[in-house]
């Protein structure tokens with residue numbers, strides 16, 4: 001029983017901020033906005049930090065031109081699940097034609113997420 005308690009105690013301490021943030025997000029639209037923005041930025045920083053290792057590995061394997069694609073897709077995968085955001089792309093069948101130039105006008109922070117999709 002002591003072993004079980006020694007496992008559950010750290011989990012209880014770690015889950016306290018999660019419950020606190022969820023209660024703030026449920027009670028206030030402003031709080032929900034700032035919490036979601038914090039999750040977005042923290043996932044951006046996390047994926048960027050991990051992408052250093054991915055870029056080094058892919059460059060060593062000779063696939064250095066695919067690094068941006070892999071990092072953008074990883075960011076979309078992490079952030080869309082964390083924030084429960086789904087992006088629908090209209091005309092996705094036209095993206096298979098190469099060469100192509102994709103342009104974004106950076107109207108919001110979500111542009112990075114759209115490019116990842």
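For the structure I just gave you, tell me whether residue 80 is within 20 Å of residue 114 (Cα to Cα), in a helix (DSSP H, G or I) and either in contact (Cβ under 8 Å) with a residue 40 or more places away in the chain or in contact with a helix residue (DSSP H, G or I) (Cβ under 6 Å, 6 or more places away or on another chain) (or both).
no
Scanning for something within 18 Å of residue 84 (Cβ to Cβ), surrounded by fewer than 13 Cβ atoms within 10 Å (Cβ to Cβ), out of contact with any helix residue (DSSP H, G or I) (no Cβ under 9 Å at 6 or more places or on another chain) and at pLDDT 85 or above, does segment 21-30 turn up at least one residue?
yes
Assuming residue 37 fulfils every condition listed in (1) farther than 15 Å from residue 112 by Cβ; (2) surrounded by 10 or more Cβ atoms within 10 Å (Cβ to Cβ); (3) out of contact with any helix residue (DSSP H, G or I) (no Cβ under 9 Å at 6 or more places or on another chain) apart from one, which condition is it?
Every condition holds for residue 37 apart from (1).
Taking segment 49-70 as the search range and keeping residues that are under 16 Å from residue 112 (Cα atoms) and in contact with a helix residue (DSSP H, G or I) (Cβ under 8 Å, 6 or more places away or on another chain), which one is surrounded by the most Cβ atoms within 10 Å (Cβ to Cβ)?
51
Going through segment 83-113 one residue at a time, which ones are surrounded by 14 or more Cβ atoms within 10 Å (Cβ to Cβ) and part of a helix (DSSP H, G or I)?
Selection gives 83, 112, 113.
Return the only residue of 56, 72 being assigned to a helix (DSSP H, G or I) and within 26 Å of residue 36 (Cα to Cα).
Within the list 56, 72, the selection yields 72.
Quick one: residue 45 ticks every box in (1) out of contact with any helix residue (DSSP H, G or I) (no Cβ under 9 Å at 6 or more places or on another chain); (2) over 27 Å from residue 25 (Cβ atoms) bar one, so which box is it?
Single failed check for residue 45: (2).
The values are calculated or read from the model by the stated rules, or taken from the named source; none is laboratory data. All figures in this text were calculated on a predicted structure; none of them were measured in a lab. For neighbour counting, all protein chains shown are included, and Cβ atoms are generated from backbone atoms with ideal geometry for every residue, glycine included.
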